[in-house]
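Participant: Just passing along the structure, written as structure tokens.
The values are calculated or read from the model by the stated rules, or taken from the named source; none is laboratory data. What you see is a predicted model; the values in this text were computed from it and never measured. A quick note on method: Cβ atoms are made from the backbone with ideal geometry, for glycine too, and the neighbour counts reach across all protein chains shown.
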């Protein structure tokens, strides 16, 4: 069994830490339970040759006041390229510096022959892909010396050879690799609408004990001649349908931290804080209780 270090992330709402908000967070110390940081944004090397730079300086200062989780976007777990040991070494060093409550990665791939795409591409849900991912996730956890979470990805096309439902695939991966699941409720909804399945069925099919974190985000609806496509853009408010699905997720997965993701066209910090407060309201944490628990 891999070690778990999730006790410092409370079962309340957090927000993503983004560079334009660094100073505002430190100046105001807002009433939010925790922050999540994209790991690769803090891989800068200082003059000493060690991890350093301005972003890491800010992250360390934020960590003095709040629990932090690290969320990776560049490990390319699903690729057939060898696992990037330099990337893993930097991640392990960052973990040692920040002592995050949770560490997560995407169930996706991004590289071919060392060339990286600026996207998180989906995998075919087959036994062959499952075996490959179990090996990759296990190797990652062995290197880091701790358990990680894997996040279900958004997708816009389905593979003809896929023969395992997405919800069964990610649950079986977690069981075989002894990892946990970061359940992105927005991605569940986006995929359900794009591919025509019931998002409630996805939630009910994932074992309760495997989910350690939830993500919420906004998405974009595009209309084409062939129909409507929902794209996971993280650039707007969480829509009402995703909030409704989150209410169901809270019933099935109580006492799980939830993260508000917003990565482009960033609003003022107060907008993210309001989204986090709405998530806390759905979990039953009222304004007075938020103040008391965060004090």
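Participant: Search region 175-193 for residues being surrounded by fewer than 22 Cβ atoms within 10 Å (Cβ to Cβ) and within 15 Å of residue 208 (Cβ to Cβ), and hand back the single one that is nearest to the chain's Cα centre (by Cα).
Facilitator: 180
Participant: I would also like to ask the following. Filter the helices (runs of 4 or more DSSP H) completely within region 178-295 down to those with at least 2 residues that are modelled with pLDDT under 95 and under 28 Å from residue 23 (Cα atoms).
Facilitator: The qualifying helices (runs of 4 or more DSSP H) are 287-294.
Participant: Given the structure, is residue 141 touching a residue at least 40 places away in the same chain (Cβ under 8 Å) and within 18 Å of the chain's Cα centre (by Cα)?
Facilitator: The answer is yes for residue 141.
Participant: In the set 108, 79, which member is under 20 Å from residue 261 (Cα atoms) and touching a strand residue (DSSP E or B) at 6+ places or on another chain (Cβ under 6 Å)?
Facilitator: Matching residue, one of 108, 79: 108.
Participant: Take residues that are in contact with a helix residue (DSSP H, G or I) (Cβ under 9 Å, 6 or more places away or on another chain), closer than 24 Å to residue 274 by Cα and at pLDDT 95 or above and tell me which of the strands (runs of 3 or more DSSP E) falling wholly in region 16-117 contain 2 or more. Spell out the reasoning first.
Facilitator: Working: elements: 35-38, 68-71, 103-106, 109-112.
Hits in region 16-117: 35-38, 68-71.
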